[in-house]
Every structure is written in structure tokens, then in C-alpha cells.
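Down below is the structure, laid out as C-alpha cells.
The values are calculated or read from the model by the stated rules, or taken from the named source; none is laboratory data. For clarity, every value in this text was computed on a predicted model and none was experimentally measured. Positions of Cβ are backbone-derived with ideal geometry, glycine not excepted, and every protein chain shown enters the neighbour counts. Ligands, DNA and RNA are excluded from the accessible area calculation, which covers all protein heavy atoms including side chains. Shrake-Rupley method; radii C 1.70, N 1.55, O 1.52, S 1.80 Å.
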Amino acid sequence: IWWDGQGACLFAKRLERGHFVWPAAKDGKVHLSQAQLSMLLEGIDWRITRKTWRPLTTG
């Protein structure tokens, strides 16, 4: 549930494979950055801090 200042939004999503990676809750709340929320909704593990590919060329 997310509060945007005007009302509450409820998101629901089910992954076909794998699981969602949630950050630790502090004081009963989970705080996500915009990037973490985007990756969470895509089923991406946001804890991986390295790039998984490099471009073949530049410019």
C-alpha cells in the first residue's frame, strides 16, 4: 500500500518464477527508492550492485 498524499494505492503482482526481493523493515515500515520499486515490480534483484553486461562499442 502506498500513500500519495491524496489517497492510498494498492499494488498487486505475481511472478511466474522466482520471488520478490524486499528490503528490511524498520519500525514496521519498508522504505523503497524509486529505482528499488521499479526493479521490485519487474522481479529484478536490486541487491546486485554490479552490471551484468558491458557494451561492445562506445560512441
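Every residue, every condition in (1) open to solvent by less than 70 Å² (accessible area, probe 1.4 Å); (2) more than 14 Å from the chain's Cα centre (by Cα); (3) of a type in the set (K, R), yes or no:
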site: D4; (1), (2), (3): no, yes, no
site: A8; (1), (2), (3): no, yes, no
site: R17; (1), (2), (3): no, yes, yes
site: V21; (1), (2), (3): yes, no, no
site: G28; (1), (2), (3): no, yes, no
site: E42; (1), (2), (3): no, no, no
site: R47; (1), (2), (3): no, no, yes
Exercise. Within the set of pairs 6+ apart or on separate chains, which have a first residue in region 26-41 that is on the phi < 0 side of the Ramachandran plot, a second that is open to solvent by less than 60 Å² (accessible area, probe 1.4 Å) and assigned to a helix (DSSP H, G or I), and C-beta atoms under 9 Å apart?
Worked result: L32/L40
